[in-house]
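The next block holds one structure in the form of structure tokens; read it before the comments.
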Amino acid sequence: MMHLVPLFMAVPLAGAFLAALPNRRLPWLPDLLGNLAMTWLTVTALSMVGHSGLCAVGDWGYLGIVLRLDGLAVLMLIAINGIGLCATLFSVSYMDRYTARGRYYSLFLLMVAGMNGVVLTGDLFNLYVFMEIAAIASYALVAFGCQHEELEAAFKYAVLGSVASALILIAVAILYGLTGNLNMTAVAVRLAADTDQPATLLAVGLLLCGFALKAALVPFHAWLPDAHPSAPAPVSAMLSGVVIKALGIYVLCRLVFNVFGATAPLLLVLRTLGTVSMIVGVMLAIGQWDMKRLFAYHSISQIGYVALGIGLGTPLGIAGGLFHMVNHSVFKSLLFLNAGAVEYAAGTRDLKRLGGLRGQMPVTANTSLVASMSIAGIPPFNGFWSKLLIVMACIEAGQNWLAVAAIAVSLLTLASFLKVQRYAFFEAAKSALTGVKEVPVLMRTAMLILAALCILTSLAVLAGWREPLLIGWAADALRGGVFGGVQ
Amino acid sequence: MALLGILLFLMIIGAVIAVETRNLLSSIVCLGAIGFLLSIVFLFLGAPDLAITQLVVEILCLVILIRATIHRRVETVAGNREFVGLAVTVVMLAIVLMLAISMMAGFPSLGTSVLDRMAQAPSHFYLLQGKAQTGVTNIVTAILLDFRAYDTLGEATVLFCAVMGALAVLRRSARRRPEEGDAGDEGEGGAE
Amino acid sequence: MIYGLCLLLIVVGLYGVVTKRNVVKIVISLAIMEYGINLFLVLVGYRTHGTAPILEEGMMPETLVAQSVDPLPQALVLTSIVIGLAVLALMVALCVRLYERYGTFDVTEMKKLKG
Amino acid sequence: MSGGTHQGGMSLIVRTVTRWLKAFILLFGIYVVLYGHVSPGGGFAGGVVIACAYILLTLAEGRERTARLLSERLAAVLAVAGLLFFLGVGLAGMVGGRAFLDNFLVGDSGAEPALASGGIIELCEIAIGIIVSMSLFLAFAVLSRFRVSLGDGDETATGEGGAS
């Protein structure tokens, strides 16, 4: 299976290049290419379960670039490509609103290729390169509508994203100077042999700032509430669902656990950032009336949960954090697709102008209910189990106050989503919305798949409540420490 | 080394002018000057490949930037924020800089590259075996297109991606009018 | 000392990004940051009196190892220069489109976004 | 679209000089692309030089005349072809169980460096030259086209280019 690993980058890249070809005669070709590529990727990602190993690009071993596949990478691949498939399905009808379909799919596939590259790479500089592919594609996708707000948000996102990339590149340069290597394992070995070097601390600080910016953890979150709502709905779903994780949290965890070693101060920083994001994000979300903007603030808050769980550093905490990361990908992308469907049908996503859509858009309303209950942590749905794991982990680690904060934030989230449900779907119908119809079938399919996943992923806890299906394997990759998972 | 210091100093002065000047065109010209100085510095540091690339990229940057700003209102209206905010920013950045420089104290001093310190570093292999293994004498090219060709593929993709993005951002009409759309699109949909 | 100056260059760029209110100025400041970082990478690979990592006619690879500068950071910088150019092109495109929408490059006059 | 003096290009002198210069710039760009493996330079630097040649042409002669030589459509197709070729070379390396981007064409190591001694290096170098030059030309073309489509409503345009 390992020889298939480079195809995770090559296939979406090929799709992106082909979709970018100027073509007027075959308007459906980009749709087909996008969906085919994502289907192939999803299937292959699923078939990677149970496999791990290294794959040297160009057959140079440690002298060149090494791709590494382990539990965490497979988990991320499944999340990225699965959500990506739902988003492309949704796009087929949704993108009718926009021109330049070919460029849309091209950028979308480039973003996916970039994220897959980031997840699979075992090389620091290669990480930077693929991060830039994903980041640049997402800047352009945020601006895709070319309206005032969208351009403004994209510019803000691009500036902060570039600053983050710059900080990361300085850190890579410092690490190279210290260790003479770019391979993560080699760097980790070198750093472990040569502790107490203040320059290492500088590199760690820069990397933390850079990836916290990409992950939108709280002091660095300014761009997210603008950028995520401005993009077309499937792109918002990708941005909130997987991009902030693949480019932010995932790399943060990978570096903290597998390169620098999970020392107590590092974990404390991660935990603190997580807790602050969790609380501040939900506080900011409560007052929002724009559906997508509200969801975006909740992304900050939920990413905080993930960082908190992983920052505990205990087996239960890591499992909870990773589980929540996967769950958040599913329900947050579903919520954004719901918002897109509402906007597509009703022409607005302002909660004050919506109401009573339950009757006219049953699929959207019901899937949105599922997603809302998941994010708020209502029992049968996946969000409940992962939040439970995180709270249990907090108590187990003796951090009772953090557990209280996690529960309180969960209640506030519930309140916030009750508001969404009430104003958008339940309340009496507004006269302006009488002509609204349910969205086309492919958009409904995408939402139904994600809603089913909200329930199915919660079954993962049946496999073992301490370490739900696949999550234990992924957590092993982190817990494996410096030499993490793969030899 | 003194020469390097002087060149760097000039670059910093250029950077300050580029950032602070009120006229956008002078700012762009200053950027060009910095890039040109950087190209010379690369030449001194034994990196002719970089010097050439930096030089041509710089020219292209200037052309693109000037093309974007010419004939537009280029005077910088609100140059700065209010004084207090500015002062706080400057102090903060100064602290960060001092901190960074002090932390760099343990960093291997300039002029002792990885090659001198680590016999195991991949760079040794590249220099020793580069020609025998790849058949090219420019080791930078050997790294770029053989040892780390995957990075280069990524790099070409980044460029393509940015150009696709620019094409997408600069297309004439981004949204279709509602009446052109397909069914399920009636009402006030799409009109923002 | 040289490293310090290089970091100063990066910080000057960062200062411009943080304080300036003109989109083109911000792009220029980002470019300055980029230059500083590229220089930093090359400095990391520098060796006193080092030569270019190109095998001259009749030269033994061992001589090259003894006197050449580190080639790897150069390859990285080459990539980084092109990435910088790509980001610049995209951001200029955004600036131009913003100008078309607002008739100005000034961020303070762009206020469609709340918060 | 074809409005006024500033879209037709620059003065006669500039145009004449450009006509002579462009061939040399192109030639130099191609040289830099092809000889990157033995001397400083390579696909990126050479690609930018080639892009500059076309950009100079656009500035001097105007968009319409340049489009006759190299339309945006052709540039996009060429850039994509270059990328697909690079990717294809990488995938071709995988045939027969070898690695992605394996240098499967590498020649006799003892031979003196010739144009084709680097195996896939030379092929990739050319592909990169095409990708870079065409992408950058495309970016520039679309930037300048966008300016035209605006109609320069609120601007007091006085003529084209900083040089005039």
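The values are calculated or read from the model by the stated rules, or taken from the named source; none is laboratory data. These numbers were taken from a predicted model, which means no experiment stands behind them. Backbone-built Cβ (ideal geometry, glycine too); neighbour counts: all protein chains shown. When the accessible area is computed, the model is the full protein with side chains, heavy atoms only, and any ligands, DNA or RNA have been set aside. Shrake-Rupley method; radii C 1.70, N 1.55, O 1.52, S 1.80 Å.
Tabulated values for the structure
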{"item": "Apportionment of accessible area to carbon and sulfur, chain C, percent (1.4 Å)", "result": "60 percent"}
{"item": "Cα-based convex hull volume of segment A:103-162 per residue, rounded to whole Å³", "result": "59 Å³"}
{"item": "Burial ranking of peptide ranges A:380-390, B:2-12, A:291-301 (average Cβ count within 10 Å, highest at the top)", "result": "A:291-301, A:380-390, B:2-12"}
{"item": "Relative contact order for segment C:30-113, counting Cα pairs under 8 Å that sit 6 or more residues apart, in percent", "result": "28 percent"}
{"item": "Segment C:32-93, accessible area per residue, ligands and nucleic acids excluded (1.4 Å, Å²)", "result": "24 Å²"}
{"item": "Theoretical ellipticity at 222 nm over the protein assembly as shown - DSSP helices of four or more residues, -39500 (n - 2.57) apiece, nearest 500", "result": "-22500 deg cm²/dmol"}
{"item": "Relative pair counts by distance (%), Cα atoms of the protein assembly as shown, 20 Å bins", "result": "15, 49, 33, 4, 0"}
{"item": "Heavy-atom accessible surface of segment B:1-77: percent carbon and sulfur, 1.4 Å", "result": "82 percent"}
{"item": "A:M238, D:M10, ranked by accessible area, largest first (probe 1.4 Å)", "result": "D:M10, A:M238"}
{"item": "Mean accessible surface per residue for chain A, computed with a 1.4 Å probe while every protein chain stays in place, in Å²", "result": "27 Å²"}
{"item": "Protein accessible surface hidden between C and A, which excludes ligands and nucleic acids, total in Å², probe 1.4 Å", "result": "3100 Å²"}
{"item": "Between segment A:162-203 and segment A:357-406, the Cα center-to-center distance that results, in Å", "result": "38 Å"}
{"item": "For chain B: accessible area per residue (Å², 1.4 Å)", "result": "38 Å²"}
{"item": "Ranked packing of A:105-113, A:87-95, B:61-69, most packed first, by mean Cβ within 10 Å", "result": "A:105-113, A:87-95, B:61-69"}
{"item": "√(5λ) per eigenvalue of the Cα gyration tensor, segment A:1-158, largest first, Å", "result": "28, 18, 14"}
{"item": "Computed Rg/Rh of segment B:121-174, alpha carbon atoms with Kirkwood Rh", "result": "1.31"}
{"item": "Magnitude of the charge dipole, segment B:1-77, Cβ model with Lys/Arg +1 and Asp/Glu -1, debye to 20", "result": "280 debye"}
{"item": "Selected from C:I2, C:C95, C:G36, residue furthest toward positive end of dipole (chain C; charges at beta carbon)", "result": "C:C95"}
{"item": "Ellipsoid equivalent to segment B:1-77 - semi-axes via the Cα gyration tensor, in Å", "result": "26, 16, 5"}
{"item": "10 Å Cβ neighbours from other chains, averaged over peptide B:30-41", "result": "3"}
{"item": "Between 0 and 90°, nearest 10: helix A:124-142 axis offset from chain A longest Cα axis", "result": "10 degrees"}
{"item": "Share of carbon and sulfur in the accessible heavy-atom surface of segment B:121-174 [1.4 Å probe, %]", "result": "55 percent"}
{"item": "Globularity index of segment A:2-483, i.e. its alpha-carbon radius of gyration over 2.2 N^0.38 Å", "result": "0.92"}
{"item": "Helix A:264-286 axis, angle to chain A major axis (alpha carbon atoms, nearest 10°)", "result": "10 degrees"}
{"item": "Protein heavy-atom accessible area occluded, B/D pair - total, 1.4 Å probe, Å²", "result": "4300 Å²"}
{"item": "In the B-C interface, the accessible area buried, summed over both sides, Å² (probe 1.4 Å)", "result": "7600 Å²"}
{"item": "Acute angle (nearest 10 degrees) that the helix B:122-134 long axis makes with the longest principal axis of chain B, alpha-carbon atoms", "result": "90 degrees"}
